[in-house]
Amino acid sequence: MTSPTPLKGIRVVEFTHMVMGPTVGMTLADLGAEVVKVEPAPEGDTTRRLTGSGTGFYAAFGRGRRSLAVNMKTAEGMALVQRLVARADVLVENFRPGAMAKLGLGYAELSERHPRLVYCSCKGFLPGPYEHRTALDEVVQMMGGLAYMTGLEGRPLRAGSSVIDIMGGLSAVIGILAALRERDTTGQGGEVQAGLFETVALLMAQHMAQTRITGTAPRPMSVRLPAWPVYDIFDTADGGQVFVGVVTDTQWPAFCNAFDLADMASDPTLATKQQRVEARERTLPRIAAVLKRWTKPDLMAKCEALGLPFAPIGKPADLFDDPHLNGSGGLVPMTLPDGRQIALPALPVSLDGARPGGTGDLRAPGADGASVAAELGYSEAEIAALREKGVITG
């Protein structure tokens, strides 16, 4: 099935690095936009060369773009970039506050020259007292309460993914799409900003609301009182682990009868969900002992047959072979710059039954410099001269 391309015809110029900004470019590219990533010549985005826990950043969020590696410290390089921006519908950047303005690429200057441009800045903080602070995913997880809610009491722990960077990037995409829709009506572009701190604040909204409603601040998720009678990880007979949830009044008797716990189903002190929540200390040890008689595959099969929420305790590498992802177009095949083949997750949406995300290939730094310059009206001789001077590579 052909990948949907609802943003076909939209031209995007991307000045980004790390995760938040690249998430925006990847999403727009997966949806069919033509995205040109502007990188420093000749080595390209430093994100390409990260090691340790950053090794996968570029591969995960760098697909689908063309690469223009250009020396923007030269007059020729800046002239090329300005010409590229002039034909763009969207500009995306996630550099420190003021960096783009110093280059003559700030919103105020470009919007005056190109009033139809949608200009998106991915920031640590939206305008306010903190806006000039440097922010990272981990910084805002710590200050916004996510690390507190994730770890043990007294031991804040960042979430196991760049969740704020990624969600912040998706929030920026929402803003861009809204601005493009507005432009269809008014003919005018506009400025979109998305903030990491504001993103983590939204994720904490449920806990903020709980605090005000109950008058008590919630404890970390690791030691919280669950809202459900059974909502836990259980050991299995073969050394595995399975998360099982029993969250409704109709699921409870079905669960009990299926696992030889019929007396609990008929126990009047366990008749309501709230009674069962309050009785967790006496019910869970018995439930755990019963479920431990089952192997992991058999327990999952039984839960699936009953319609219960369940999950194996997986690791990221398990997703490569996940039958659902592989059977539903959930992995985008791609070629790394060194020629190796890989497949990484597609956007988590389906449009008319098809998953967006065409070619996922990662381009080498500057691989598209010559073709981009030619499309901007540069002659072969001018492109050769730009290469000779080191203004562009590729």
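The values are calculated or read from the model by the stated rules, or taken from the named source; none is laboratory data. None of these values were measured; they are calculated from a predicted model. A quick note on method: Cβ atoms are made from the backbone with ideal geometry, for glycine too, and the neighbour counts reach across all protein chains shown. The area values use the complete protein model at the heavy-atom level, side chains included, leaving out ligands, DNA and RNA. Shrake-Rupley method; radii C 1.70, N 1.55, O 1.52, S 1.80 Å.
Quick look at the values:
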item: Zone residues, the stretch 283-305, relative to Ile233, backbone N less than 16 Å from point 7 Å out along Cα-to-Cβ; result: 288, 292, 296
item: Phe234 accessible area, 1.4 Å probe, all protein chains in place, Å² to nearest 10; result: 10
item: Distance in nm between pseudo-label sites at Tyr130 and Ala364 (7 Å out along the Cβ direction from Cα); result: 4.2
item: Cα-Cα P(r), the chain, percent of pairs per 10 Å interval; result: 4, 18, 25, 23, 15, 9, 5, 1, 0
item: Heavy-atom accessible area order for Asp89, Asp235, largest first, 1.4 Å probe; result: Asp235, Asp89
item: Amide H within-cut-off set for Val118, under 5 Å, with H built and near neighbours excluded; result: Val90, Leu91, Gly190
item: Where Arg224, Arg212, Arg116 fall by accessible area, highest first, once all protein chains stay in place (1.4 Å); result: Arg212, Arg116, Arg224
item: Helix axis angle, 163-186 relative to the chain longest principal axis, alpha carbon, degrees; result: 60
item: Across Lys73/Lys102; Lys73/Lys389; Lys102/Lys123; Lys37/Lys123; Lys273/Lys315; Lys8/Lys123, pairs whose alpha-carbon gap is larger than 21 Å; result: Lys273/Lys315; Lys8/Lys123
item: Loop GluC sites (Glu not before Pro), the stretch 312-394, which have at most 12 other Cβ atoms in a 10 Å radius of their Cβ (DSSP); result: none
item: Inter-site label distance for Glu109 and Leu157 at 7 Å from Cα along Cβ, in nm; result: 4.7
item: Geometric extent, Cα atoms of the stretch 283-394 - Rg, Dmax (angstrom); result: 24.8, 79
item: For Val332, residues with placed amide H under 5 Å, excluding near neighbours; result: Leu344, Ala346
item: For the chain, accessible area per residue (1.4 Å probe, heavy atoms of protein chains only), Å²; result: 51
item: Accessible surface of Asp232 - all protein chains present, 1.4 Å probe, nearest 10 Å²; result: 30
item: Beta bridge orientation in the chain: antiparallel %, DSSP, nearest 5; result: 45
item: Helix axis angle, 280-291 relative to the chain longest principal axis, alpha carbon, degrees; result: 90
item: Karplus-derived 3J(HN,Hα), 6.51/-1.76/1.60, for each residue of the stretch 60-65, Hz, glycine and proline x; result: 6, 10, x, 6, x, 9
item: Backbone N within the stretch 30-74 under 14 Å of label point (7 Å from Ser371 Cα along the Cβ vector); result: 34-37, 64-69
item: HN-Hα J in Hz across the stretch 244-249 - Karplus 6.51, -1.76, 1.60, θ = phi - 60°, x for Gly and Pro; result: 10, x, 10, 10, 10, 5
item: Degrees separating the helix 205-214 axis from the principal Cα axis of the chain, which is the longest one; result: 40
item: The stretch 225-346 - convex hull of the alpha-carbon atoms, volume per residue in Å³; result: 132
item: Heavy-atom accessible surface of the stretch 105-226: percent carbon and sulfur, 1.4 Å; result: 58
item: Accessible-area value, Arg183, 1.4 Å probe, nucleic acids and ligands omitted, Å²; result: 20
item: Sum of -39500 (n - 2.57) over DSSP H runs of 4+, divided by residues of the chain (222 nm, nearest 500); result: -11000 deg cm²/dmol
